[in-house]
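Since every read-out is calculated from the coordinates, none of them should be taken as a lab result. Quantities reported herein were computed from a predicted structural model and do not represent experimental measurements. Here Cβ is always computed from backbone atoms with ideal geometry, including for glycine, and neighbour counts include all displayed protein chains.
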Amino acid sequence: MTAASKLAIPDLTSAQVEHLLVGLADILIKLDGTGSIISVIDNAAITNGAETGWIGKMLPAVVSPERVGKTEKLIDPQTLSEGSKPWRHINLVTAGGGMIPLLVKHFCLNAGPVELYLL
């Protein structure tokens, strides 16, 4: 597959694609169309429960101050509509002020009537 080609999975629903990504990721952060966190699946126990405080918040609200600008660009509607982007480093902040460094890859998927924004 070349850099310009796109991967098409025509017969999978958004829920099936999400299930596949959950199996591949250490942590999967699902955002709605506004950039609000709607779910966090932590397969690698990276967050130690911190993710419960992130639900309903905008993604930039749960990252370290020096990563806010980068994170805002990650969830910008124009950026999301462009599909997959390069890996980015962000630091998620826990309730106790600890940092969780992550190397993230984000995707915007539109499968039928449901759009998924996944980190």
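Some notes on this structure:
- Trypsin sites (Lys or Arg not before Pro) restricted to the stretch 23-78 and DSSP loop, no more than 15 other C-beta within 10 Å: K57
- Separation of the stretch 57-78 from the stretch 15-54 is 16 Å, based on Cα centroids.
- 3J(HN,Hα) from dihedral phi, the stretch 62-74, Karplus parametrisation 6.51/-1.76/1.60, rounded to Hz, x for glycine, proline: 10, 10, 5, x, 6, 9, 4, x, 5, 5, 4, 5, 4
- Rough spin-label spacing in nm, given labels placed 7 Å along Cα→Cβ, for A61 and A44: 2.6 nm
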